[in-house]
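Quick notes on the structure that follows.
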Amino acid sequence: MPEPFSTHEVFNQPPPLEDVNLYASDAALKDAIEREGAGAAGEALVGFGGVTGSAEAFERGRLANEHPPRLQTYDRQGRRRDTVSFHPAYHELMRTSCEEGLHSSVWSHLGAGGHKPRPEAHVARAGAFYMAAQMEAGHCCPITMTNAAVPVLLQQPELAEAWLPKILPFRYDPSFAPAADKTAVTLGMGMTEKQGGTDVRAATTKAEPVGAGGPGTEYIVTGHKWFMSAPMSDAFLVLAQAPKGLTCFLMPRFLPDDSINALHFQRLKDKLGNRSNASSEVEFHGAHAWAIGEEGRGVATIIEMVTHTRLDCAVASAGLMRLALANAVHFAEHRTVFQKKLVDQPLMGQVLADLALDVEGAVALSFRLARSFDRASDQRASAWRRLMTPVTKYWVCKMAPAMVGEAMECLGGSGYVEEAPLARLYREVPVNSIWEGSGNVMALDVMRVLQREPEALAQVLEELGAAAKEDRRLKAAYERIEDFLQEPTLLDQRGRTLVEALALLGAGAILRTSAPAAVADAFIATRLGGAPRQTYGQGLERADTRAIITRCSPNQS
Ligand SMILES: Cc1cc2nc3c(=O)[nH]c(=O)nc-3n(C[C@H](O)[C@H](O)[C@H](O)COP(=O)(O)OP(=O)(O)OC[C@H]3O[C@@H](n4cnc5c(N)ncnc54)[C@H](O)[C@@H]3O)c2cc1C
């Protein structure tokens, strides 16, 4: 029976993209996992792909962002507690990712039994993390920080011994309690202060030793942090000025006598996106913290955490680009305009294929980078990790906002409203290029490699040069980079040009050796040759756009 007051039939409205296996339906991801050596993880990734792409998981993502965390400075009796309350959906997202081990799986070998690291641990985790970001991006912040804090903690063995047994389990325990009473913990990081985030050496927060001072000993920390995300974490890696200079500290929420440490959260940031994740402003009112490493070595100590989070920024951004692309293609495959499916309209075919090429490039670079973390003891991989971490983080995170914006337009007006995931994705993506080193900072880091570790550059260039030999355009791109390097006095100004050139050559070389010809040819023809362009949907008139779109369609599995 038609409804009495209905005026029309609803048709030509594509169904939402949900209950989709985020692994099985993603050819670029599956190829990357195989290519980078984690094929053995395929079965687990299929399982997690089903969980993260379920309608329930996407709904939790929506709820966690529509009901952002709230700071509860005092308890009902007026005692200072500084806790953060989250919607239950957020806790479910955290539980899903922690039970998959995304906060610690690459360190499992450090647990009881002391087995060898899995050779594909980082690539396999990256595959799952890429899907967790699609499920919901904000909760990935504490996940990534916990994972990345471990190599810093390892530099202070007694602290690692105390904390690792609580970090490693694949569990989630959100209770506000001393770590000893919890089944699992998470860690955060506090570096950025009001007067400087990039320039962390300008930190004014002071640390006074309780006794003689030195690695592993207790200090009293007074000062502030302007951004400290995931304030509900159980401990934080914090930078502060000790008598001999900037030093890295572990600052727990509870002290050994079970009292609450003096971290006073001022407020939570009101952010553009990333709304499910709490990011705080905090003051340390004589908080207790334990030094990791020598006084004055703070940046050198914490840099390993930063490097791991940069990998995750790229992997998560690639995942968000993939979700945007999958939604755009799915919509175009279901929507009819002018008697044709949208996907079959020539101009839309150009746009979708062009978007897909950036996702292919982002996936290629991010998973190749993950492999270099797995093989860090190999000199060549270590050189790739050093040079290509800032290059990959720069390019992938910078491509994401433009790419997601164009994908949103593919859905027309429906893309712009909050019920579709595109609007939230669009607000989410800029954060990965801002935090953990903004664009210029990545370019400066590459310059640092050129000056201080030229052998890393030489090794990467040797590899890229060999890969470029057989392809005229790759060869030309390689020679252009060589030309830049001949003019070192201009490099300060050309930092971004060099970084982008390295990213495109790296992606082109990986795709040339392993992606279907339609993808590699079109990527290289448009990104490393062809007419200059500023917007999507150009230069692919001779490309096999049908093959590129079919490969990236989420409806192919
Ligand atoms: C959502 C969110 C969560 C965050 N969470 C945390 C957290 O948990 N812990 C934490 O410590 N921080 C956190 N941050 C802070 C973030 O890491 C900093 O904002 C970032 O490092 C930039 O620092 P800044 O804001 O002080 O900007 P500035 O350092 O003032 O930089 C401003 C701009 O100048 C550029 N710049 C800086 N130096 C140079 C140079 N020499 N040459 C050319 N350009 C330059 C930068 O690239 C940037 O674009 C978070 C930020 C956001 C947005």
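Tabulated data
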item: Checklist (1) in contact (Cβ under 8 Å) with a residue 24 or more places away in the chain; (2) touching a Leu at 6+ places or on another chain (Cβ under 6 Å); (3) under 15 Å from Arg368 (Cβ atoms) applied to Ala520, failing item; result: (1)
item: Out of Gly127, Gly111, sole residue that is crowded, with 22+ Cβ neighbours inside 10 Å and either under 16 Å from the mean Cα position of the chain (by Cα) or at pLDDT below 95 (or both); result: Gly127
item: Output for region 243-252, where each listed residue is in contact with a helix residue (DSSP H, G or I) (Cβ under 8 Å, 6 or more places away or on another chain) and crowded, with 21+ Cβ neighbours inside 10 Å; result: Leu246, Thr247, Cys248, Leu250, Pro252
item: In region 307-345, residue surrounded by the most Cβ atoms within 10 Å (Cβ to Cβ) [restricted to those that are at negative phi and not in a helix (DSSP H, G or I)]; result: Arg335
item: Arg118 being closer than 17 Å to Leu45 by Cβ and among the basic types (Lys, Arg); result: yes
item: Selection status of Ile510, closer than 29 Å to Arg448 by Cα, crowded, with 21+ Cβ neighbours inside 10 Å and hydrophobic (A, V, I, L, M, F, W, C); result: yes
item: Residue within region 276-291 that is within 11 Å of the ligand (Cβ to nearest atom), aliphatic (A, V, I, L, M) and touching a Cys at 6+ places or on another chain (Cβ under 6 Å) present; result: no
item: Sole exception among (1) assigned to a helix (DSSP H, G or I); (2) touching a Lys or Arg at 6+ places or on another chain (Cβ under 8 Å) for Thr497, by number; result: (2)
item: Conditions (1) farther than 24 Å from Gly101 by Cβ; (2) under 27 Å from the mean Cα position of the chain (by Cα); (3) surrounded by fewer than 20 Cβ atoms within 10 Å (Cβ to Cβ); number of the one not met by Ala179; result: (1)
item: Failed condition for Met408, given (1) buried (at least 17 other Cβ atoms within 10 Å of the Cβ); (2) at pLDDT 95 or above; (3) within 15 Å of the ligand (Cβ to nearest atom); result: (3)
item: Inter-residue pairs, beta-carbon under 6 Å, first under 14 Å from Met228 (Cα atoms) and of a type in the set (Ser, Thr, Tyr) and in region 188-202, second more than 6 Å from the ligand (Cβ to nearest atom) and assigned to a strand (DSSP E or B), 6+ apart; result: Thr192/Trp226
item: Test: Arg297 is basic (Lys, Arg) and surrounded by fewer than 15 Cβ atoms within 10 Å (Cβ to Cβ); result: no
item: Every residue from region 183-203 that is surrounded by fewer than 19 Cβ atoms within 10 Å (Cβ to Cβ) and away from the ligand (no atom under 16 Å from the Cβ); result: Thr183
item: Which listed residue, of Lys206, Lys225, is away from the ligand (no atom under 11 Å from the Cβ), over 20 Å from Ile167 (Cβ atoms) and among the charged types (D, E, K, R); result: Lys206
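Per-residue answers, yes or no, for (1) touching a residue at least 24 places away in the same chain (Cβ under 8 Å); (2) polar (S, T, N, Q); (3) under 30 Å from Arg512 (Cα atoms); (4) surrounded by 21 or more Cβ atoms within 10 Å (Cβ to Cβ):
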| site | (1), (2), (3), (4) |
| --- | --- |
| Asn12 | yes, yes, no, no |
| Leu29 | yes, no, yes, yes |
| Arg35 | yes, no, yes, no |
| Ser54 | yes, yes, no, no |
| Asn65 | yes, yes, no, yes |
| Pro68 | yes, no, no, no |
| Gln72 | no, yes, no, no |
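Residue by residue, here is whether (1) touching a residue at least 40 places away in the same chain (Cβ under 8 Å); (2) away from the ligand (no atom under 12 Å from the Cβ); (3) in a helix (DSSP H, G or I) holds:
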residue: Met399; (1), (2), (3): yes, yes, yes
residue: Val404; (1), (2), (3): yes, yes, yes
residue: Leu422; (1), (2), (3): yes, yes, yes
residue: Val431; (1), (2), (3): yes, no, yes
residue: Glu436; (1), (2), (3): yes, no, no
residue: Val446; (1), (2), (3): yes, yes, yes
residue: Gln451; (1), (2), (3): no, yes, yes
residue: Gln459; (1), (2), (3): yes, yes, yes
residue: Glu463; (1), (2), (3): yes, yes, yes
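The values are calculated or read from the model by the stated rules, or taken from the named source; none is laboratory data. These numbers come from a predicted model, not from an experiment. When we count neighbours, we look across all protein chains shown, and the Cβ atoms used for this are built from the backbone with ideal geometry, even at glycine.
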